[in-house]
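Have a look at the structure below, then the notes.
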Amino acid sequence: MSSLLSTSSSISRKKYDVFLSFRGEDTRKNFTDHLYDALKRSGIITFRDDPKLETGEEIAPELLKAIQQSWCSVIIFSETYAFSGWCLEELAEIVQQKNVNGHKVYPIFYYVDPSDLRKQKEKVEEAFAKHEERYKEEKDRIQKWRNALTQVANIKGWHLHNRHESEFIGDIVKKISAKLCQTYPIVQDELVGISLRLEELYSKINIGEDDVRIIGICGMGGIGKTTLARIVYTQMSPHFEGKSFAADIREVSNKCGLVPLQKQLLSQILPDKCFNFFNVHEGNAIISHKLSSKKVLVVLDDVDNVQHLKCLVGKRDWFSLGSRIIVTTRDEHLLRSYRIDDVYKPRTLNPINALRLFNLKAFDSDTVPKYDFIELSKHIVHYVDGLPLALEVLGSFLYGRDIMQWRSAIERLKQESNKEILKTLRISFDGLEEKEKNIFLDIACFFNREKKDLVMKVLDGCDFFPNIGIDVLIKKSLIKVDDNQYLWMHALLQEMGRKIVEEKCVDEPGKRCRLWKERDVHHVLTKTTATEVIEGMIINNKSMWGGYEVNEVFCIESVVKPPIYYVNLAVRL
């Protein structure tokens, strides 16, 4: 798969997806006919030769051209396949295209043993004896056929064995559909780290299944949900009768309501129709009526309210069998409450792919940059912790700048993050209820990478209802709980949370609700500038407190009013 993806940016769409090679008298009116119909129903453009072409001993030029115009060949090896010089000539051309142009080859062994084909014994041996008798003066041609047969018989293929043909054909169509989806062109920088993500996502979409399926792509802001959805939409579109990509649904619905989005959905799938309605209930009725007989692909991007789903995709019976609905969101609970079929959660990029993506944006190349920039690039990649949006934004910002400007920018990042990145991340925070906001800020300021049980104990004492609150933050992709039950928040989300606190009062720490920097705590306690706004602080230096060990829950009433409660190094007032 990765090899497919690494080259797909240079692939132009072929005229045919599949070329079927088969022996007409063996399988045309049964297995091949059923396979062809199944491929066609799945939207796979398949070339099957016309029986009228099968005249004379020489292969028709149309067939050779069709092989060259196909992305792959499916070869049905049946009992008398090797007896046909026509079939063997097709096979030789297929192998030629495979070796020279990367043409994909998928053999089906239809009641034949591949070892008989490889070793060319039994009926295959008998077939070649006849060919050698017929083409006595064309030894090179015979050898070409033998070589092609051996090469293809060595490819891992599909075996019918004792399976039901309908089930067998269904599996073949699924596998070809999945492979085809990854062949359509993608922008080069979107390829970085995308191979595994697409493989995992396509396994959930399962395009070959004849059902209506709703799949969610869920993760924090900037993780690449929309990028993934756009790639899948581009690659899968040819397999559907209609398609619609509704972008920025949260923002559009807030500004314009849901009716324009319903009209957009209908107009993209049925471009020749005109739709006039003025409320979502009418829109629901029209969508369910007009699209119920169409196999469609719909992407709903940036959904944050279950009403978006109810008004745009409603129930599964609004769409024909084989339809796929893909929903991107930051809120996993929204997806689960709608009873979707599956959820895919993209991960941040690993350090190698993160550096490649950053280099593409900063240097127009995913290779190693000039020596002076290597360490600086690694520093930035470490800072953003694999978040694709941040890599792209910072890489683009630093593009074309000199080494001194890079260093200055990195120093500035230590003081304040890029506004574009923070704006994207803050969307999830702004949608929280007040208690969840407080829990998020406490974790960002005090409890990132602390034991979950410890944090729950502190927050429970603050009447924040952490059992439900922490689950909300997890479902909204703002925190995670690792295998060892430690809370984990992405470094940029943590920085965003701390920035929100600092913005309350830039000049005077005593007027902020949370203090985590030692200099701010020291300033507040020594200058007696604490106000009742302060809700918590971190003490890293026990000398501030006259030598007290800060590792138990206890209270000191003499320093700040109201009393300060401590758990480890975190303090709640």
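Read the figures in this text as sums done on the coordinates, not as results from a lab. The shown structure was predicted, so the numbers you read here are calculated from the model rather than taken from an experiment. Note that each Cβ is placed from the backbone with ideal geometry, even for glycine, and that neighbours are counted across all protein chains shown.
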Three-way shape call for region 351-414 based on the alpha-carbon gyration tensor, with the a/c threshold at 1.5: rounded
Cα gyration tensor shape of region 423-555, rounded if a/c is under 1.5, else prolate or oblate by comparing a/b with b/c: oblate
Two-site FRET efficiency, Glu209 against Asn99, from Cβ-Cβ distance with R₀ of 35 Å, rounded to 0.05: 0.55
For Asn350, net neighbour charge (Lys/Arg +1, Asp/Glu -1) across residues whose Cβ lies under 12 Å away: +2
Interchain or long-range residues, amide H under 5 Å from Ile45's placed H: Asp17, Val18
Net charge over other residues, Cβ less than 11 angstrom from the Cβ of Leu149 (K, R count +1; D, E count -1): +3
Whole-Hz couplings from phi, Karplus 6.51/-1.76/1.60, listed for region 65-77; x for Gly and Pro: 5, 5, 4, 5, 9, 10, 6, 8, 10, 10, 9, 9, 7
Cβ charges +1 (Lys, Arg) and -1 (Asp, Glu), total dipole of region 59-122, debye: 260 debye
Values of log10 I(q)/I(0), in the order q = 0.16, 0.21 Å⁻¹, for region 187-344 under a Debye, Cα-only, solvent-free model: -0.86, -1.51
Of Lys98/Lys204; Lys419/Lys499; Lys174/Lys295; Lys263/Lys290; Lys345/Lys499; Lys14/Lys65, those spanning more than 18 Å from alpha-carbon to alpha-carbon: Lys98/Lys204; Lys345/Lys499
Likely footprinting exposure, Thr526, Thr80, fewest C-beta neighbours within 10 Å first: Thr526, Thr80
Placed amide H near Ile108: partners under 5 Å, 5+ positions off or other chain: Ile75, Ile76, Phe77, Trp158
At most 11 other Cβ within 10 Å, DSSP loop - GluC sites (Glu not before Pro), region 65-159: Glu137
Distance violations [Cα-Cα > 24 Å] among Lys123/Lys156; Lys15/Lys175; Lys480/Lys504: Lys480/Lys504
Lys175-Arg141 FRET efficiency (beta carbon distance; Förster radius 45 Å; 0.05 resolution): 0.85
Relative contact order (percent, whole number), the chain, Cα cutoff 8 Å, 6+ residue spacing: 10 percent
Förster radius 51 Å - calculated FRET efficiency between Glu132 and Glu165, Cβ distance, rounded to 0.05: 0.90
Charge-dipole axis of the chain as Lys and Arg at +1 and Asp and Glu at -1 on Cβ define it, positive-most pick from Tyr110, Leu91, Ile427: Ile427
Which of Thr227, Thr328 has the fewest Cβ neighbours within 10 Å, and the rest in rising order: Thr227, Thr328
Calculated percent of Cα pairs over 40 Å apart (choose from [x] 57; [y] 37; [z] 45), label: [z]
Residues of type aspartates and glutamates that Lys475 reaches as a straight line, Cα spacing below 17 Å, ignoring anything fewer than 8 places off in the same chain: Asp302, Asp304, Asp331, Glu332, Asp341, Asp342, Asp430, Glu433, Glu434, Glu436, Asp483
Unit charges on C-beta of K, R, D, E only; dipole of the chain, Debye: 640 debye
Helix 225-236 axis, angle to the chain major axis (alpha carbon atoms, nearest 10°): 10 degrees
Given Lys29/Lys136; Lys423/Lys457; Lys452/Lys517; Lys243/Lys315, the pairs whose alpha carbons are separated by over 24 Å: Lys29/Lys136; Lys423/Lys457
0 to 90° range, to nearest 10: angle between helix 371-384 axis and the chain longest Cα axis: 70 degrees
Cα centroid of region 299-333 to Cα centroid of region 501-519, whole Å: 42 Å
Cut-off under 5 Å, modelled amide H: who pairs with Val299 long-range: Ser244, Phe245, Ala246, Ile326
Nearest 10 degrees, 0 to 90: helix 351-363 Cα axis against the chain principal axis: 90 degrees
Potential extension, Ser115-Ala491 segment - 0.36 nm per residue separation minus Cα distance: 129.7 nm
Overall form of region 73-139 per C-alpha gyration tensor (a/c, 1.5; a/b vs b/c): oblate
Rel. contact order, % - alpha carbon contacts under 8 angstrom, at least six apart, region 423-555: 21 percent
Ordering of 214-225, 162-173, 336-347 by burial proxy (mean other Cβ atoms within 10 Å per residue, highest first): 214-225, 336-347, 162-173
Charge-dipole axis of region 358-474 as Lys and Arg at +1 and Asp and Glu at -1 on Cβ define it, positive-most pick from Pro388, Trp406, Phe358: Trp406
Reach of Lys378 by Cα under 17 Å, taken over lysines that are not fewer than 8 positions away in the same chain: Lys361, Lys370, Lys414
